[in-house]
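Worksheet: one structure, shown below.
The values are calculated or read from the model by the stated rules, or taken from the named source; none is laboratory data. Keep in mind it's a predicted model, so treat the numbers as computed, not measured. Counting neighbours? That spans all protein chains shown, and the Cβs are built from the backbone with ideal geometry, glycine included. Accessible surface is based on the protein model in full, side chains and every heavy atom, while ligands, DNA and RNA are left aside. Shrake-Rupley method; radii C 1.70, N 1.55, O 1.52, S 1.80 Å.
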Amino acid sequence: MQKTALIVGASGIGGSNLATRLIADGWKVHGLARKPLQNVPGLLPVAADLLDPASLQASLADVAPSNVFITAWMRQATEAENIRVNGLMVRNVLAALAPKKSVRHVALVTGLKHYLGPFEAYASTGTLPETPLREEQPRLAVENFYYEQEDELYAAAKRDGFSWNVHRPHTMIGQAVGNAMNMGTTLAVYASICKETGRPFQWPGSQAQWEGLSDITDARQLASQLEWAADTLAAHNTAFNTVNGDVFRWQWLWGRLADWFGVEAAGFDGTVKPLEQAMAGDAALWQKMAQQHGLIEADLSRLASPWHTDLDLGRPIEVMTDMTRSRKLGFTGYQASEESFTDLFAQLRTQRLIP
């Protein structure tokens, strides 16, 4: 019997890569988004507003998935609004599917803010966790929309009788246009601007991040773990960290990324130099570059999210993630992190998103 998936947020980094993997493995895949992707072969697009129950019910009228993968979120001005809006999104989509009684398993993708705190209190003094981060570490004593999403998942699972998983990736690397948290493409755009202008490829973050150990999550690795967990009964009803499986120091990787673009790398020099400030005046330049190089996206804000890259690279501690829980249950996926970036850069160039 063919497995049927509904991917909520199928136009994002995690959702689009998951769709590609599941379709290749023979799943029937519905991709839900406000503006669904139309360029993924085999993906069945579903257009809906997650905050509008009537819209969801109408759009999902003929969709009866066995598996639901929730990879969407909406950034709001405050954490209180993040909690209200993002919790409601999970509640609405699971409520819309409940009468069908088709759902057997639901996976929710959150992230390391589970351990580090929300944007308003991100990695701040008094809330810094012990690393490597482990799934059993308790919730922080601060408001966090990831906790609200989890609680909505747990309540629906109890009501409807499906199994669940929560997946917590680190910074996700993969291709998506219009994504609000996109370090890989942000660095690619920044390096392209540096090459165009002759600027150095300046490290924007903290000394702790520059010198300490780190890891990342390739969107392909996340997709692999999501499918594995859905198909592995022993893995159900728990949370999993999701990273590539290697560690690196940015002081090693930064120069290698610069070399790919043929630009001069500049490392930590004693001060934090936020990327948001460095790129603040580059929108018009990017429009000019797009015209000169025949790029398909001239809106810098749809490619780069420097505010989020600054949060990740400006942390006052090194951050790495323990994968023991899923390894002991049989997940063996691995991805070399340098290749996560260089594969993405090559893809962006092929798709004419960077020169």
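The condition (being surrounded by fewer than 22 Cβ atoms within 10 Å (Cβ to Cβ) and touching a helix residue (DSSP H, G or I) at 6+ places or on another chain (Cβ under 9 Å)) is satisfied by just one residue among Pro53, Pro65: Pro53. Taken together, Glu135, Glu148, Glu152 contain a single residue that is surrounded by 17 or more Cβ atoms within 10 Å (Cβ to Cβ), among the charged types (D, E, K, R) and in contact with a Phe, Trp or Tyr (Cβ under 7 Å, 6 or more places away or on another chain), which is Glu135. Among residues of segment 158-167 being touching a strand residue (DSSP E or B) at 6+ places or on another chain (Cβ under 8 Å) and open to solvent by 10 Å² or more (accessible area, probe 1.4 Å), the one that is farthest from Lys100 (Cα to Cα) is Trp164. When Ile193 is tested against (1) assigned to a strand (DSSP E or B); (2) open to solvent by less than 40 Å² (accessible area, probe 1.4 Å); (3) hydrophobic (A, V, I, L, M, F, W, C), just one condition goes unmet, and that condition is (1).
Every condition in (1) under 18 Å from the mean Cα position of the chain (by Cα); (2) free of Cβ contacts under 8 Å to residues at least 40 places away in the same chain holds for Leu348 except the one numbered (2). Summed over segment 211-237, residues that are crowded, with 16+ Cβ neighbours inside 10 Å and assigned to a strand (DSSP E or B) total 3.
The set of residues in segment 13-35 being in a helix (DSSP H, G or I), open to solvent by 20 Å² or more (accessible area, probe 1.4 Å) and not small (Gly, Ala, Ser) consists of Asn17, Thr20, Arg21, Ile23.
Looking at Glu264, Glu339, which is the one that is among the charged types (D, E, K, R) and within 30 Å of Gln137 (Cβ to Cβ)? I'd like the intermediate steps shown before the answer.
Values: Glu264 fails: within 30 Å of Gln137 (Cβ to Cβ).
After ruling out the rest, the residue left standing is Glu339.
Taking the criterion of being over 17 Å from Ala304 (Cα atoms), hydrophobic (A, V, I, L, M, F, W, C), open to solvent by 40 Å² or more (accessible area, probe 1.4 Å) and part of a helix (DSSP H, G or I), the residues of segment 242-288 that qualify are Trp252, Trp260.
Looking at Ala123, Ala10, just one residue is at pLDDT below 95, crowded, with 23+ Cβ neighbours inside 10 Å and of a type in the set (A, V, I, L, M, F, W, C), and that residue is Ala10. Scanning segment 298-329 for residues that are in a loop (DSSP other than H, G, I, E, B) and either open to solvent by 70 Å² or more (accessible area, probe 1.4 Å) or farther than 15 Å from Asn182 by Cα (or both) yields Ala298, Gly314, Arg315, Pro316, Ile317, Glu318, Met320, Asp322, Met323, Leu329. Among the residues of segment 65-93, those that are in contact with a strand residue (DSSP E or B) (Cβ under 7 Å, 6 or more places away or on another chain) and of a type outside the set (S, T, N, Q) comprise Pro65, Val68, Phe69, Ile70, Ala72, Val90, Val93. Scanning segment 167-211 for residues that are of a type in the set (Val, Ile, Thr) and touching a helix residue (DSSP H, G or I) at 6+ places or on another chain (Cβ under 6 Å) returns Thr171, Ile173, Val177, Thr186.
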